[in-house]
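The structure appears right after this line, and notes come after that.
The values are calculated or read from the model by the stated rules, or taken from the named source; none is laboratory data. Keep in mind that what you see is a predicted model, and the values were worked out from it rather than measured. Heads up, the Cβs are rebuilt from the backbone with ideal geometry, glycines too, and the neighbour counts pull from every protein chain shown. Quick note on the areas: whole protein, heavy atoms, side chains included, nothing else; ligands and nucleic acids left out. Shrake-Rupley method; radii C 1.70, N 1.55, O 1.52, S 1.80 Å.
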Amino acid sequence: MRTGLRRWWELGQVARASTRLRRGARPQEAEDARRELAERLLGLRGLPQKVGQVLTIAELGSQTPGFGSLAEAPSPLAPEAALAELSRRLGQPWRQVFTSLDGGGIAASLGQVHRGVLQDGRAVAVKLRHPGIADAVRSDLRALGWLAAPLGGWRGKLDLSAYRHELAQMLQQELDYHHEARLLREAGARMADVPGVVVPVPVDALIREDLLVMSWVDGEPLSEARRWSEADRRALSTTLVRLFLHGLFTWGALHADPHPGNYRVSRGPEGGPRLGVLDFGCVKALPAELTTGLGRLLSLLRAPGSEPEPRMLLAAWVTLGFTPELLEPMAEVLPAVSRVLLEPFLQEGPFHVARWRLGERLTEALGPHRWNFRAAGPASLLFVLRAFHGLVRHLDVLEAPIAWGPLLDEARAPSLPPPPLPPEAHAAGTARYLRVRVMEGAHTRVALTFRAEVTAHLEELLPEGLGPRLAARGLDPAAIAASAVAAGLRPSELFHLDEGERHVRVWLE
């Protein structure tokens with residue numbers, strides 16, 4: 001596994017291939033760039049391949065998926081080398097444990113899986129962590145230090161270092177197969193009562209930190225279910241939604257790695273659809289406030305009668321973990337935003353994913369507040385959104401709409417009283433909001449709105465590197481902020497900076 005400067009150089013090549021893909025004007029250019037990006041991600045394994053597996057979710061149902069190889073790829077180790085490595089980790093020749101073992105495994109981002117048969121006749125999956133992958137992951141996370149300076153260098157309330165920590169914590173857990181074996185046992189106990197679900201069973205005596213042996217789950221890729229009858233596809237869709245909702249509201253733990261390689265579909269003993277759920281290294285334990293906040297939101301939106309009061313929705317979003325300073329200025333659009341985002345949960349009849357148009361409708365509902373909403377979200381939602389996105393894509397491929405409402409009630413979604421309203425803190429004659437806008441030509445690159453009280457921390461909110469340029473023009477952000485606070489935060493322009501095509505404006509209104 002390549003590490004150090006060489007790996008950093010290769011990560012740079014990934015970034016360049018990604019840029020080529022975004023800019024590809026002609027179909028053939030885009031296809032060539034997609035192929036190059038997939039090859040580079042696959043060659044690096046680790047975190048880059050994890051990113052690629054997220055891309056496979058967006059390609060579900062495509063006849064020519066460009067990133068499909070990232071879900072299930074050939075083993076990077078030659079068969080003889082893989083078997084020798086397995087013997088080393090077992091502490092004995094593999095033939096003393098297995099009657100047969102396929103040396104040509106299927107590789108994922110952090111490990112590879114081989115099919116084998118134990119001496120007692122059980123068919124098993126043997127998961128082998130890639131040699132050197134732990135060092136590579138640490139190197140990748142150092143290379144992602146830019147996550148602490150999002151939106152082109154915005155700091156202060158927009159510090160996203162929590163996202164880097166969330167990602168690092170999950171990857172470290174995925175590297176420990178003792179941890180995954182425990183999650184497998186817990187998932188098996190939880191999902192035993194969910195009809196049509198199969199989870200591998202770990203073989204405890206053969207588990208090491210870098211080796212996991214578990215029962216083999218037969219089946220075909222989830223995409224094969226598109227050929228099934230509508231009734232069977234509807235049953236499979238119901239199982240997928242049921243698992244997601246129970247994870248959110250009943251178990252407090254969500255399978256958060258929904259790429260296609262982690263599912264298998266088959267027929268049960270009586271011919272009914274069966275879903276095999278694989279790879280439990282990435283399971284997100286949900287903080288209590290997340291479940292509470294989402295439950296409150298749904299209670300407000302599902303209540304019969306008039307539209308929920310915006311400030312009540314605001315308080316629920318804040319309970320969910322959103323930053324109040326960023327969310328409060330857009331309270332008036334929260335009813336529309338909430339209904340678009342949570343629409344599947346709110347319908348009692350079948351929900352048609354293909355008709356949702358989430359991106360288009362959400363952009364319309366947010367209007368100029370889209371930057372605020374993006375920046376306000378908590379890092380704890382990172383893997384929840386990943387799981388939700390994967391679920392929606394799987395449902396889109398299956399094309400068998402089902403009703404989420406009854407399944408939500410079955411999952412015992414908490415029906416909580418509305419949270420207390422946030423206090424009003426606005427005096428007549430003072431500004432309500434601090435606004436920051438960065439334009440490049442006619443295009444808005446950043447548009448953020450804070451509560452006016454945040455003006456006291458103005459210096460922390462400015463793009464990195466802007467301070468010296470302001471100082472060169474005799475502008476001192478700290479002094480400007482202090483003056484505005486002393487004047488009672490009256491509506492006014494605090495400063496503007498014009499540098500060619502780039503225009504920065506900061507004002508109170």
Exercise. Taking Phe280 as meeting all but one of (1) at pLDDT below 90; (2) buried (at least 23 other Cβ atoms within 10 Å of the Cβ), write down the number of the exception.
Key: (1)
Quiz item: For segment 475-509, which residues satisfy the criterion of being open to solvent by less than 30 Å² (accessible area, probe 1.4 Å), part of a helix (DSSP H, G or I) and in contact with a Ser or Thr (Cβ under 7 Å, 6 or more places away or on another chain)?
Solution: Ala481, Ala484
Exercise. Run down Leu398, Leu362, Leu358 and say which single residue is more than 21 Å from the chain's Cα centre (by Cα) and of a type in the set (A, V, I, L, M).
Key: Leu398
Self-check item: Out of Gly377, Gly359, Gly367, sole residue that is small (Gly, Ala, Ser) and surrounded by 16 or more Cβ atoms within 10 Å (Cβ to Cβ)
Solution: Gly377
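Give segment 389-399 a look and list any residue that's touching a residue at least 60 places away in the same chain (Cβ under 8 Å) and open to solvent by less than 30 Å² (accessible area, probe 1.4 Å), or say none.
Of everything in segment 389-399, those that are touching a residue at least 60 places away in the same chain (Cβ under 8 Å) and open to solvent by less than 30 Å² (accessible area, probe 1.4 Å) turn out to be Gly390, Leu391, His394, Leu395, Val397, Leu398.
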Quiz item: Within segment 433-460, how many residues are open to solvent by 60 Å² or more (accessible area, probe 1.4 Å) and under 23 Å from Val485 (Cβ atoms)?
Solution: 7
Practice problem: Take segment 258-288 and flag every residue that is charged (D, E, K, R) and touching a residue at least 40 places away in the same chain (Cβ under 8 Å). | Solution: Arg264, Arg274, Asp279, Lys284
Quiz item: Any idea which of Ala256, Ala235 is open to solvent by 10 Å² or more (accessible area, probe 1.4 Å) and among the hydrophobic types (A, V, I, L, M, F, W, C)?
Solution: Ala235
Practice problem: Among the residues of segment 388-402, write down those that are under 17 Å from Pro221 (Cα atoms) and assigned to a helix (DSSP H, G or I). | Solution: Gly390, Leu391, Val392, Arg393, His394, Leu395, Asp396, Val397, Leu398
Quiz item: Does segment 412-426 contain any residue that is closer than 30 Å to Thr239 by Cβ, surrounded by fewer than 19 Cβ atoms within 10 Å (Cβ to Cβ), of a type outside the set (A, V, I, L, M, F, W, C) and at pLDDT 70 or above?
Solution: yes
Self-check item: Residue check, Gly293 touching a residue at least 24 places away in the same chain (Cβ under 8 Å) and not in a loop (DSSP other than H, G, I, E, B)
Solution: yes
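Among helices (runs of 4 or more DSSP H) lying entirely in segment 306-368, which contain 2 or more residues that are closer than 28 Å to Pro401 by Cβ? Can you show your working first?
Numbers: elements: 310-320, 324-327, 334-341, 343-346, 358-366.
Once the helices (runs of 4 or more DSSP H) in segment 306-368 are filtered for at least 2 residues that are closer than 28 Å to Pro401 by Cβ, what remains is 310-320, 334-341, 343-346, 358-366.
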Quiz item: Of the residues Pro304, Pro350, Pro329, which single one is modelled with pLDDT under 90 and open to solvent by 40 Å² or more (accessible area, probe 1.4 Å)?
Solution: Pro304
